[in-house]
1. Looking only at helices (runs of 4 or more DSSP H) that fall completely inside the stretch 246-339, which ones have 1 or more residues that are within 16 Å of ligand 2 (Cβ to nearest atom)?
2. When you go through E140, E117 one by one, which is the residue that is under 23 Å from the mean Cα position of the chain (by Cα) and in contact (Cβ under 8 Å) with a residue 12 or more places away in the chain?
3. Filter the stretch 553-588 for residues that are within 16 Å of ligand 1 (Cβ to nearest atom), part of a helix (DSSP H, G or I) and not small (G, A, S) and give the result.
4. Please indicate, with yes or no, whether at least one residue in the stretch 419-426 is more than 25 Å from the chain's Cα centre (by Cα), touching a residue at least 12 places away in the same chain (Cβ under 8 Å) and on the phi > 0 side of the Ramachandran plot.
5. For residues that are loosely packed, with under 12 Cβ neighbours inside 10 Å and part of a helix (DSSP H, G or I), scanning just the stretch 455-494, find the one that is modelled with the lowest pLDDT.
6. Any residue that is free of Cβ contacts under 8 Å to residues at least 40 places away in the same chain and crowded, with 20+ Cβ neighbours inside 10 Å - is there at least one of those in the stretch 169-188?
7. Among T52, T33, T42, which is the only one that is among the hydroxyl-bearing types (S, T, Y) and in a strand (DSSP E or B)?
8. Among the listed residues T243, T304, which satisfies the condition of being closer than 23 Å to I227 by Cβ, hydroxyl-bearing (S, T, Y) and away from ligand 1 (no atom under 13 Å from the Cβ)?
Amino acid sequence: MRVFASFLLLLLVAACKPGGEGEKQAMVAPILTTEDARDAATFAQPEVARVTHVGLDLTLDFAAKRVGGTATLDILARPGADTLVLDSDGLEIASITDAEGKALPFKVGEKVEGKGEPVTVTIGDARKIVVTYSAAPEAEALQWLAPEQTAGGKQPYLFSQGQPTLNRSWIPTQDSPGIRQTWDARIVAPKPLTVVMSGLRAGEPEDLGDSRAFRFTMNKPVAPYLIAIAAGDLAFRELGPRTGVWTEPSMLDAAANELADTEKMVEAAERLYGPYRWGRYDVIVLPPSFPYGGMENPTLTFLTPTFIAGDRSLNGLVAHELAHSWSGNLVTNATWADSWLNEGITSYFENRILEELYGKRRAQQEAALSFAEIEKVLAEKGKDAPVTALHLPPAEALPDGGESGIVYDKGAAFMRTVEQAVGRTRFDAWLRQWFDSHAFQPATSALLLADMRANLINGDAALERQLMLDEWVYGTGLPANVARPAPEAFADVDAAAADYAKTRAVDPAPWAGWTTAERLRFLAKLPRRMDTQQLADLDRGLGLSQSGNDEILFAWLDLALANRYQPAVPLAEKFLGRVGRRKFVQPLFQTLMDQGDWGRPIARRLYAQTRAGYHAVTQGSVDAIVGKPA
Ligand code: BES
Ligand code: ZN
């Protein structure tokens with residue numbers, strides 16, 4: 001293995017050598033060959049042969065719900081290697097040829113649940129191949145929306161979600177976060193639709209009569225889950241010199257207003273941890289069926305419209321996705337077992353951006369909300385539960401994402417703990433160094449710990465003992481040295497909630513002056529058992545059902561439904577029919593299903609109405625709770 005790894009390194013150095021063959025090529029990123037970097041979620045054997053560049057030439061067919069065309073793959077293989085293994089999930093492959101058009105034999109293996117099927121290509125000495133294919137109409141990464149499902153109501157819409165392992169349903173490549181690839185694309189879409197992707201636009205669209213061809217390029221090697229596409233009736237507005245927003249025309253004003261601080265966020269992030277390396281930072285505000293809050297697709301963050309609250313109070317989401325431009329997109333978890341390297345470090349970084357822009361108080365409050373999530377999970381699952389480790393054991397590292405906030409919140413708490421132990425100046429210098437030294441490369445937990453020891457601890461035995469690094473990463477629960485959130489962050493709000501628990505009297509005055517974080521904290525701290533009268537008073541006093549903030553609406557609905565509060569059912573029906581964000585939809589259906597004879601029929605009735613409007617990610621999660629409607 002070791003001999004082989006150094007051979008591979010040689011090969012890579014050769015490929016990049018100035019003046020050598022590699023000079024014309026784009027930069028080739030190394031892979032990790034250590035055992036902890038082996039990705040169980042891919043069929044690829046990158047140490048034998050791997051894809052270094054993906055060239056897509058695809059057409060969008062909205063009537064057939066199909067993306068199809070060719071993918072031209074550049075391959076780096078060890079001498080003598082004559083097979084290449086790709087990931088697929090339902091791809092319909094018509095042919096695979098070499099660059100001259102000579103057919104290459106290939107075999108599609110058996111489907112493995114949750115992983116798709118391997119495509120083994122006999123490449124011989126070909127180092128460039130052309131896959132002619134079509135994605136299935138059910139491709140899990142893609143959601144095809146009918147015009148009625150969009151804000152404008154006139155044009156269809158398409159968007160993709162690649163993380164963690166969904167892109168293999170529309171792109172035939174090696175779909176593993178440790179196998180970085182450059183890519184380019186030419187995408188044909190019917191007029192008047194506009195196509196955007198997670199790479200820089202290359203020139204003006206080409207007019208083809210009834211359709212147009214859009215070109216994109218990503219010349220930095222990225223993990224393939226970061227290739228993303230959206231197409232629809234899209235308008236663009238500049239936010240700053242290198243920032244802007246895409247969305248449907250009727251959403252543009254509200255979106256641009258909510259995103260007004262985006263350029264400042266990029267500037268703050270650069271001050272913290274070094275240059276933004278991707279050129280543009282644009283965002284697209286998607287239709288409400290987007291299954292996540294946000295997705296850090298390079299050069300083009302994808303966002304749910306449910307972050308639009310009118311007052312920018314939920315723009316921490318943007319800070320989060322932007323922070324992934326360093327933690328996640330620049331330095332990337334080699335496997336999903338280490339997704340805390342992406343999400344935990346990003347959650348910490350997000351909080352630092354918020355502090356830069358809005359001050360200590362907001363940052364402390366958001367950190368306190370995040371810390372409360374850790375405590376909630378530990379109370380529910382137990383402090384010994386394997387899912388509460390940062391580095392997830394194989395059984396827990398199901399590459400589905402989002403089952404538990406631990407990798408986010410405990411990951412951020414780990415970073416905060418180290419920061420407070422060594423001081424901000426030293427910590428920031430170390431983190432910046434981490435991003436610089438591992439830029440455009442995969443990382444594992446072990447690599448990060450080794451880097452911390454080499455570049456932060458520097459043999460200081462007392463500091464080594466104090467930090468408890470291995471316990472943080474490989475242990476469950478919370479280590480004793482955890483830096484707890486500032487107790488003063490929510491002092492008044494917590495007092496008000498305690499007061500309410502005693503008196504059950506709603507006081508609208510303080511609520512009116514609270515921030516969104518404070519309101520969410522108050523709702524989280526209310527007694528979990530409430531009667532109909534109390535819920536009615538609470539709703540009337542605080543205007544919860546009328547809130548234009550979807551985080552508040554969600555918190556209210558969850559509380560109300562958990563108490564079988566019938567008057568909230570029509571609002572739940574409206575909310576679940578409008579929003580497909582899994583973080584909201586899954587818990588609400590779970591809460592209903594937990595309410596026995598009262599809630600189960602409601603859940604089944606609503607899901608039968610709403611399921612068709614959800615993305616496959618949300619459908620899959622809710623199917624597991626409610627069951628597939630007949
Ligand atoms: N990268 C994640 C989304 C993701 C995670 C997709 C795992 C698939 C699998 C994204 O950056 C994210 O964390 N989104 C959060 C928002 C954030 C503010 C916590 C979300 O969608 O809620
Ligand atoms: Zn994230």
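The values are calculated or read from the model by the stated rules, or taken from the named source; none is laboratory data. Predicted model, so just to flag it, every value in this text is computed and none were measured. Note that each Cβ is placed from the backbone with ideal geometry, even for glycine, and that neighbours are counted across all protein chains shown.
1. On the way: elements: 252-258, 262-273, 316-323.
Because the criterion is at least 1 residues that are within 16 Å of ligand 2 (Cβ to nearest atom), the helices (runs of 4 or more DSSP H) in the stretch 246-339 that meet it are 262-273, 316-323.
2. Details: E117 fails: under 23 Å from the mean Cα position of the chain (by Cα).
Result of the check over E140, E117: E140.
3. Taking the stretch 553-588 as the starting set, the residues that turn out to be within 16 Å of ligand 1 (Cβ to nearest atom) are 553-555, 558, 579-588.
Okay, now just the ones that are also part of a helix (DSSP H, G or I), so 553-555, 558, 582-588.
The answer is L553, F554, D558, R582, K583, F584, V585, Q586, P587, L588.
4. So far as the stretch 419-426 goes, no, none of its residues is more than 25 Å from the chain's Cα centre (by Cα), touching a residue at least 12 places away in the same chain (Cβ under 8 Å) and on the phi > 0 side of the Ramachandran plot.
5. So in the stretch 455-494, the residues loosely packed, with under 12 Cβ neighbours inside 10 Å come out as 458-459, 461-462, 465, 480, 487-488, 491.
Going one step further and asking which of them are part of a helix (DSSP H, G or I), we end up with 461-462, 465, 487-488, 491.
On the way: A461: 98, A462: 98, R465: 98, P487: 86, E488: 91, A491: 97.
Only one residue fits best here, namely P487.
6. If we filter the stretch 169-188 for residues that are free of Cβ contacts under 8 Å to residues at least 40 places away in the same chain, which is where we start, we get none.
No, because not a single residue in the stretch 169-188 is free of Cβ contacts under 8 Å to residues at least 40 places away in the same chain and crowded, with 20+ Cβ neighbours inside 10 Å.
7. Details: T33 fails: in a strand (DSSP E or B); T42 fails: in a strand (DSSP E or B).
So the residue among T52, T33, T42 that is among the hydroxyl-bearing types (S, T, Y) and in a strand (DSSP E or B) is T52.
8. Values: T304 fails: away from ligand 1 (no atom under 13 Å from the Cβ).
The unique qualifying residue is T243.
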